[in-house]
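See below for the structure under consideration.
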Amino acid sequence: MEGQTFTDGVDITPIEFYERLANEDIRPTTSQPTPQLFLDAYQKAAESGAEQVLVITISSGMSGTIESARQAAESSPIPVQLRDGKSNSMGIGWQVIAAARAREDGGGLKQMLEAAQKALVSMSYYISLDTIEYLAHGGRIADATRLLNSLLKIKPLIFVNHETGKVGAAVPSRSRKSAIEDLYREFFRHIDTSLPLHITVLHNNALPEAKELMERIIRDFSPKEIFISIVSPVLGVHTGPKALALCGYAG
């Protein structure tokens, strides 16, 4: 960003990032972690007494991160099990939490992988963008679509396909209010609300609206657990300020 390299969550906070994105004429880019960074993590785990490592990465359909993890695994002092998370953000986070809980309950690697997979297969993940501009800059849509947005001011609704690990598009909205309604409707249309729900409300520095969504979900569905999280800048580069998302699984 502006000729500087930042480590996400270390050299810049999400709020700092989104404020700059909204107020400055900047177009940040992202890069996947290097194999050395993964190897450093494996070595640190080994030094802390770990006997093996489970790595759940961002979808291989969105990033080459898993290849860095795989290269580092060849030099790891302890065995490394790789899992393509087929998602991003809390789509990975819920799998990590499920795996960690399985471990805390006395499970081994097999039970951890099963818990992560169970979370993934029942997961719903929808994202409402306030603008299509940042997806356009990242090369993920054509120039014609960028022009269409400038004329119609559409609010794209996208989702993560957890079978392919890629992003799909749903029907866009024309206003912020209808976009949030569409986000709510589509998320709950694709999750089994008869089971215990684990939900995260994600936002790109849009906390007041995220809180309203959380309160509404609690009233309507009484989830087993729910919390709010600001989205990582590395994803915000592509989704832009004020994006909102719902990510969760049933079971």
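Placing one equal scatterer on every Cα of region 52-96 and applying the Debye formula, the log10 ratio I(q)/I(0) at q = 0.19 Å⁻¹ is -0.54. Placing dummy labels 7 Å off each Cα toward the beta-carbon, the span from PHE227 to GLN117 is 2.7 nm. Under 17 Å Cα-Cα from LYS177, which aspartates and glutamates qualify once same-chain neighbours fewer than 8 residues away are excluded? Within the straight-line limit of under 17 Å, LYS177 reaches these aspartates and glutamates: ASP130, GLU186, GLU209, GLU212, GLU215. Note: relative contact order over the chain, using C-alpha pairs below 8 Å and six or more positions apart, is 22 percent.
Find how many whole Å separate the alpha carbon centroid of region 150-179 from the alpha carbon centroid of region 14-43. The two parts, judged by their Cα centres, are 24 Å apart.
Dividing the convex hull volume of the alpha carbon atoms of region 123-250 by its residue count gives 97 Å³ per residue. By the rule of a C-alpha distance below 27 Å, with chain neighbours fewer than 8 residues away ignored, the lysines paired with LYS44 are LYS86, LYS110. Counting only Cβ charges, +1 for Lys and Arg and -1 for Asp and Glu, the dipole size of region 123-250 around its Cα centre is about 260 debye. On the principal axes of its alpha-carbon atoms, region 35-119 has extents of 32, 30, 16 Å, going from largest to smallest. Placing dummy labels 7 Å off each Cα toward the beta-carbon, the span from ALA50 to GLN71 is 2.0 nm.
Full extension of the segment from GLU133 to ASN161, taken as 0.36 nm per residue of separation minus the current Cα-Cα distance, would add 7.9 nm.
With a Cα-only, solvent-free Debye model of the chain, what are the log10 I(q)/I(0) values at q = 0.13, 0.16, 0.17 Å⁻¹? Computed log10 I(q)/I(0) values: -0.87, -1.27, -1.39.
Can you give the calculated 222 nm mean residue ellipticity of the chain, where each DSSP H run of n ≥ 4 adds -39,500 (n - 2.57) and the sum is split over every residue, rounded to the nearest 500 deg cm²/dmol? That comes out to -13500 deg cm²/dmol. Extension gain for ARG185-ASP11 works out to 59.0 nm (0.36 nm per residue, less the C-alpha to C-alpha distance).
When you restrict to C-alpha pairs under 8 Å that are six or more residues apart and normalise by the size of region 35-119, the relative contact order lands at 28 percent.
A short reminder: the numbers here are calculations on the coordinates, not readings from a lab. From a predicted model like this one, the values you see are computed outputs, not experimental measurements. Glycine gets a Cβ as well: all are built from the backbone with ideal geometry, and neighbour counts include every protein chain shown.
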